[in-house]
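See structure below.
A short reminder: the numbers here are calculations on the coordinates, not readings from a lab. Note that this is a predicted model, so its numbers are computed, not measured. Here the Cβ positions follow ideal geometry from the backbone for every residue, glycine too, while neighbour counts run over all protein chains shown.
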């Protein structure tokens, strides 16, 4: 039986939201779900550490072509060598996408998630594209994707539980 796969997206250079990403990664592991990230630093590393520290499976899908470019908390490393085009792979691997803050790379992942009809939990309380995407959606198409606004970590947990129960 396939395990539920949760993708967390966010900036590689964002350390301001380390505790938030760590806590959400921990929650994912405690529920027996698989965490997938871009495998790098910042938000991705924080979420990976949270899942790792709580016995979860952590997958890092890298833009680069070397295993050792992954953060040390990744159990499974997939070096794509295709640069940030790998953002499409990250999103396609998701049952649910969680967005924390974010810059241009996060925006591309949000656009892919929207395009592919993936449910998005946007941590609006962290700012960046996670907040901006709610104020100005990608486009006006009704493609099956939904953006859920979370105003706290607890709200992320509530939304995530509900979404996973409908998969």
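If you rank 88, 146, 130 by fewest surrounding Cβ atoms within 10 Å, what's the result?
146, 88, 130
State, as an integer percentage, the relative contact order of the stretch 114-167 based on alpha-carbon contacts under 8 Å between residues 6 or more apart.
RCO, the stretch 114-167: 43 percent.
May I ask you to list the residues of the stretch 108-141 whose amide nitrogen lies under 17 Å from a point 7 Å from Cα along the Cα→beta-carbon direction of residue 19?
The answer is 125-127, whose backbone nitrogens lie closer than 17 Å to the label point.
Residue 154 versus residue 132, label points 7 Å from Cα toward the beta carbon: distance in nm?
Reported label-point gap for residue 154 and residue 132 is 3.1 nm.
Of (1) 9.2; (2) 8.6; (3) 19.2, which one was derived for mean projected area of the Cα convex hull in nm² from the structure shown?
For mean projected area of the Cα convex hull in nm², the calculated option is (2).
To the nearest 0.05, what FRET efficiency results for residue 146 and residue 64 with a Förster distance of 22 Å applied to their C-beta separation?
Efficiency for this residue pair is about 0.10.
Which order do the peptides 68-74, 158-164, 43-49 come out in when sorted by mean C-beta neighbours inside 10 angstrom, highest first?
Output ranking for 68-74, 158-164, 43-49: 43-49, 68-74, 158-164.
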